[in-house]
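One structure is given below, encoded as structure tokens.
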Amino acid sequence: MTVIGFLGLGRMGAPMAGNLLKAGHRLLVHDVSADAVATLVAQGAKPAGSAAALGEQCAVVFTSLPTPAIVREAVLGADGICSAGSPAILCDLSTSGPQLAVELAAALPAVACFDAPVSGGIKGAETATISIMVGGPAAQYESTLRPLLEVIGKPFYMGETPGAGQTMKLVNNLLGAVAIGVTAEGMAFGIKQGLDPAKMIEVLNQSTGINSATRDKWPKSVLPRTFDFGFAAALSLKDTKLLMDEAEAVGVPLPLGRIVQDYLERTLEREGPGADFTAIAKVVEEAAGLDPER
Ligand code: NAD
């Protein structure tokens, strides 16, 4: 059986790698965090020791890393995946933007490069119900990659153009982040007028206002005031900036995206670098004269 490499075993990478192991695949893994590696080794993976070892020893390598700069370095850098030998297939599951996907495909003509960002959060990664938006060469997708992606979620093939999956993902994340912003605004108004927040969410989820924030984020992380949904505000800001840059480059104005970007920047200022993106609600509440620490 082909040995699969997996680089980046964080909140999303660990459960995705775990699902490949559960399906019986042999996995070689690496992460800068020794604890993250140990967790997967306990499940049956082998430690690679370096990103370079993944490229040397694996036919297929997946990455699930925080930012485009980290992915670029991890793939093309001096000790990166492609420094000592290259895999036949490289599949980036990170949200890293279309420009990086184009850059990697151009830099690695002998490698079948795929961009395959995912959506559905930690829970979706654990239950293998995440959507996976894929761009890359059709032949290798059908022959090799699709069956592997079907183990970790539901793949949607967006086309051969490098970055096609990333573009789809940026669209999705704009809608997800705007849903949080507008839900925070509506909730702040209702609370200020004396409505009960839990009752409001119950009503919205039975009405046309329902969205991913009213359905998932408020019940799990905002109503209980835990602000721990599992997606960092810093990563959400990265996604929004990637989208805004791309949109500006192709002449598409996105005023709602600009507002969400501002909310995320203020969330990080207020809550610090570890903030979860659901803490946008606190920024909106404060502006409305409510006490976010209530
Ligand atoms: P995370 O910060 O939990 O995990 C990233 C992992 O990468 C960490 O274990 C870290 O130690 C490791 N890492 C960082 N630099 C490294 C390097 N140079 N070499 C090896 N390992 C390195 O992040 P996450 O939430 O798992 O997100 C990963 C990607 O998935 C991001 O691009 C994010 O935007 C995207 N994403 C996240 C979610 C979510 O709900 N968390 C949902 C969809 C997509």
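A short reminder: the numbers here are calculations on the coordinates, not readings from a lab. Predicted model, so just to flag it, every value in this text is computed and none were measured. For neighbour counting, all protein chains shown are included, and Cβ atoms are generated from backbone atoms with ideal geometry for every residue, glycine included.
Observations
- Ordering 2, 95 from the fewest to the most neighbouring beta carbons within 10 Å gives 2, 95.
- Here the gap between residue 151 and residue 99, fully extended at 0.36 nm per residue and compared with their Cα-Cα distance, gives a gain of 16.0 nm.
- Using the Stokes-Einstein relation with a Kirkwood hydrodynamic radius computed over Cα pairs, the translational diffusion coefficient of the range 167-287 at 4 °C and a viscosity of 1.567 mPa s comes to 89 µm²/s.
- Extension gain for residue 76 to residue 203 (0.36 nm times residue separation, less C-alpha to C-alpha distance): 40.7 nm.
- Convex hull of the range 131-201 built on C-alpha atoms - directionally averaged projected area, nm²: 5.9 nm²
- Here the dipole of the chain is about 640 debye; that uses its Cα centre as origin and unit charges on the Cβ of Lys and Arg (positive) and Asp and Glu (negative).
- Taking only the C-alpha atoms of the chain, Rg followed by Dmax gives 19.9, 63 Å.
- Sites residue 139 and residue 171 - FRET efficiency at Förster radius 25 Å, r taken between beta-carbons, to 0.05: 0.45
- Its Cα centre serving as origin, the range 167-287 has a Cβ charge dipole (Lys and Arg +1, Asp and Glu -1) of approximately 240 debye.
- Filter on 192/217; 154/192; 46/123; 192/220; 154/282 - keep pairs with C-alpha separation over 30 Å: 154/192; 154/282
- For the range 173-229, size of Cβ-based charge dipole, Lys and Arg +1, Asp and Glu -1, in debye: 40 debye
- Our summary gives the range 167-287 a relative contact order of 34 percent, counting only alpha carbon pairs under 8 angstrom and 6 or more residues apart.
- Dividing the mean sequence gap of close Cα pairs (under 8 Å, 6+ apart) by how many residues the chain holds gives a relative contact order of 13 percent.
- With each label modelled as a point 7 angstrom along the Cα→C-beta vector, the residue 129-residue 69 pair spans 3.6 nm.
- The value for the range 1-123 of Rg(Cα) / (2.2 N^0.38 Å) is 0.95.
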